[in-house]
């Protein structure tokens, strides 16, 4: 399978390469390999991305300026996940850092959701009529089905940028976006896509986002 350069708009791609089929040694850009090498050296002296509950919760609070989670139901599942990551995942240093960032972002989203609902509890009274949930195992066409339904002008589909950050980044900020200004969450999602495309180019060959 040949993957064209996603930034090229010409009829003939400026660059292409064969998608890796080595699942134990997937293609990675050289800087990522170097970062993993440096990370392994640092880990030998105890310097690595922290995956403790305390560290991740503290980072989420720092990133949002919020502290109230509205409940502690997430703690036990988080502890189980962190234990599994430490004991089973065998992550390289870059992967370990990436997992930490995802967990911090998810907890930050929880903080923002709780803060937003605390300020505007009427949100929960807004009816959602006839929601459609698409579920299934990987590689069974769920993304294709979602995209087909999203083309229906009568439906409101979830965008990737909303899935990454489902609530405004600063829910207590009274400042409004200028008329016509794009939501900053869109730019964050675009940067995330570019990062994934760079770190794991093979990913988009099997699952375009």
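Above 26 Å lies some portion of the pair distances; for the chain, what is it as a whole percent of all C-alpha pairs?
Everything past 26 Å amounts to 52 percent.
What do you get for Rg/Rh of region 105-148 when both radii come from the Cα atoms and Rh is the Kirkwood radius?
Rounded to two decimals, Rg/Rh equals 1.15.
Using Cα-Cα distances under 8 Å and only pairs 6 or more residues apart, what relative contact order does region 64-207 have, in percent?
After rounding, I find 24 percent.
For region 74-136, build the convex hull from the C-alpha positions and give me its volume per residue in Å³.
Here the figure is 132 Å³ per residue.
Go ahead and estimate [θ] at 222 nm for the chain from helices alone: -39,500 (n - 2.57) per DSSP H run with n ≥ 4, summed, over the residue count, rounded to 500.
-14500 deg cm²/dmol
Each reported figure results from applying straightforward, stated rules to the coordinates on display, with no laboratory input. Values in this document were obtained by computation on a predicted structure and should not be read as measured data.
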